[in-house]
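Read the figures in this text as sums done on the coordinates, not as results from a lab. What you see is a predicted model; the values in this text were computed from it and never measured. Reconstructed Cβ throughout: ideal geometry from the backbone, glycine too, with neighbour counts over all protein chains shown.
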Amino acid sequence: MDRPPNTRDEWIKAITTICGKQNHDWESEQEYRLAFPIQRLEDTGETDQRGYRIYCRTFPDAALVEIILGAKVSDDTRHIIQERLRESTLAHVNIRCAVFDTENYALTIGKCNEVIDRS
């Protein structure tokens with residue numbers, strides 16, 4: 001393609017080509033993931049709960065507009081994420097939570113139970 005994508009379908013095709021997408025079984029989530037060789041990531045100097053080093057890639061703050069936390073995220077983890085966003089250059093990021101819908105055996109995305117006021 002010699003020009004930027006114009007239509008929604010062209011954008012999806014371009015993003016999918018660059019990022020890849022989830023397995024067909026999960027495509028309803030409309031989620032795209034970027035993967036990089038570890039040599040191209042920055043070592044944060046931190047480790048996760050299992051002791052694995054944490055690597056990341058920087059991106060423009062404006063590129064992140066929303067975070068959807070999983071249905072099993074703990075209140076403590078959600079609180080930490082919300083606090084760190086609020087205290088950073090990412091205070092503009094909208095946070096929503098996945099919730100189990102046991103009646104329809106599905107996940108719904110909505111407000112988190114305990115949203116911290118970021119004003």
Nitroxide proxy distance, nm - points 7 Å out along Cα→Cβ at Val99 and Arg50: 3.1 nm
Gain in span if fully extended, Lys72 to Asp9, counting 0.36 nm per residue against the direct Cα distance: 19.4 nm
Amide proton proximity set for Leu69, modelled H, under 5 Å, gap of 5+: Arg96, Cys97, Ala98
